[in-house]
Amino acid sequence: MRFSAIDPFHVLIGSLVCTLLGGMPALAERKFDPAVASVLADYVRPGSVPFPDDNPFTEAKAELGRKLFFDASLSGAGDRSCATCHAPVSGWQDGVPAHQGLDGTPLGRRTPSVQDAAWGELFFWDGRAGSLEEQALGPVQNPREMNQTLEGMVRTLEVDPEYPPLFARAFPEDPRITPVTVAKALATFQRTLVSGVTPFDRWVGGDGGAISEEAKRGFQVFTGPAGCSSCHSGWQFTDHAFHDIGLPGEDLGRGAILGLPELNHAFKTPPLRNVADRAPYMHDGSIGTLEGVVEHYRSGIVRRDTLSPDLPRIDALSEREKADLVAFLHSLSPDPATAADSLAVTSAPESETSDTLTIVQKDKRFSHRHVHIRVGETLTIQNQDTRAHNIRVFEDSMDFNSGYQEPGEHVSLPFTEPGTYHVFCGIHPKMKLKVDVE
């Protein structure tokens, strides 16, 4: 299925075909060396798109979100839409180092692509939005981007005769036009923007000739001596975490959001799917080519105390290894015929529940994802990782921030009231723990 500014939007939820994985042999059936197969298992495309329980997919909601995404009336002057910066023809970004703001000066950071955002954890380069729904209305209200108030946005949509019936179909339980329903519709549409099958995907699926020998060597460099996979992991090639990679500049990134100087200059790891088509690179758009990106890690890192412990040190990378690495990155662009394939829809799977009172952090993971404890008990979280973490809880009955939790340190979380609590790491947001307290 192709989504663009001019193509009709169709979401056939009852019959979405998982063509992305169709015909691919299971890992055990592939003729890879066992060690290679073990590494490749981390990069297999998923079979479905996750939608949150509080904003499930419907065709009507996605269609409404698409219309809103391309509608300039969401801006104060009616002169720009979400698609002005997130253009389908540019890979759902704008292709410039920094988009020009309404005040005539460039915005501070490069526009990221919204493709594959369904799998995101935190949004914006500094992670200040906790969901796509929260992110959706940020640019609308930004005086330098769309310069619209939420009240003005609602009034504009209410007087447009096209919108009330569309909202009624999308939200039959409460058809009012509100900032919440606008955000839910926009987020639903954005979750349908899934990147297509790549030559790398076909190679992972068992097609030994899908990528060149240079790209195969480049993957070995990527996962081996270059150490890129320490941050660019998983099928999207991102850990969704925040790292200082040694770019010059005064932007404090995640450190300013968390109030932790140790996270100054840290920005979210960008996904690498379609990366060859998404120049310029870095949060500030300061590097124009993939070769330049590799060279930054080889010789351009600004040395400072806040550099990420996962930062690659590749100063010894040869010219051939550099070229192979770039060849591999080119294999992450989708085949034209599959550039808009779709996936089925699913909710997040339920995780097994444990009654342990001790959680271990290691390899950017919690040892458990769901625990059940009693009121009055204390949960201990031990950092046995090689990197620091930041334990956070934001609930009505509990607001907790551990600060910068160094390796070897532990955090104690006393639960004095019943309820469900969501514990996460502010640095590595894929680390999530659900705590049911009775």
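The values are calculated or read from the model by the stated rules, or taken from the named source; none is laboratory data. Note that the coordinates shown come from a computational prediction; the quantities given were computed from them, not determined experimentally. Here the Cβ positions follow ideal geometry from the backbone for every residue, glycine too, while neighbour counts run over all protein chains shown. Surface areas here come from the heavy atoms of the whole protein model, side chains and all, with no ligands, DNA or RNA. Shrake-Rupley method; radii C 1.70, N 1.55, O 1.52, S 1.80 Å.
Scanning region 123-148 for residues that are within 13 Å of the chain's Cα centre (by Cα) and not aliphatic (A, V, I, L, M) yields PHE123, PHE124, TRP125, ASP126, GLY127, ARG128, GLY130, SER131, GLN135. Residue-level check: of (1) open to solvent by less than 40 Å² (accessible area, probe 1.4 Å); (2) in contact with a Lys or Arg (Cβ under 6 Å, 6 or more places away or on another chain); (3) not charged (D, E, K, R), LEU102 misses just (1). Looking at this structure, is GLU350 charged (D, E, K, R) and modelled with pLDDT under 95? The answer is yes for GLU350.
Of all residues in region 55-62, at least one satisfies being more than 20 Å from GLY253 (Cβ to Cβ), in contact with a helix residue (DSSP H, G or I) (Cβ under 7 Å, 6 or more places away or on another chain) and β-branched (Val, Ile, Thr). Annotation: of all residues in region 156-191 being of a type in the set (Asp, Glu) and outside any helix (DSSP H, G or I), the one that is most open to solvent (accessible area, probe 1.4 Å) is GLU173.
The rows are residues; the columns are (1) within 18 Å of ASP355 (Cβ to Cβ); (2) part of a strand (DSSP E or B); (3) touching a strand residue (DSSP E or B) at 6+ places or on another chain (Cβ under 9 Å); (4) of a type in the set (S, T, N, Q).
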residue: ARG392; (1), (2), (3), (4): no, yes, yes, no
residue: PRO407; (1), (2), (3), (4): no, no, yes, no
residue: VAL411; (1), (2), (3), (4): no, yes, yes, no
residue: PHE424; (1), (2), (3), (4): no, yes, yes, no
residue: PRO429; (1), (2), (3), (4): no, no, yes, no
residue: LEU433; (1), (2), (3), (4): yes, yes, yes, no
residue: ASP436; (1), (2), (3), (4): yes, yes, yes, no
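Inspection of region 387-402 finds no residue satisfying the criterion of being open to solvent by 60 Å² or more (accessible area, probe 1.4 Å) and within 20 Å of PRO309 (Cα to Cα). Pairs are defined by a Cβ separation below 7 Å, a sequence spacing of at least 6 or placement on different chains, a first member in region 406-427 that is farther than 18 Å from ARG369 by Cβ and of a type outside the set (Asp, Glu), and a second member that is open to solvent by 50 Å² or more (accessible area, probe 1.4 Å) and assigned to a loop (DSSP other than H, G, I, E, B); the pairs so defined are PRO407/THR386; THR416/VAL375; THR416/GLY376; PRO418/VAL375; PRO418/GLU438.
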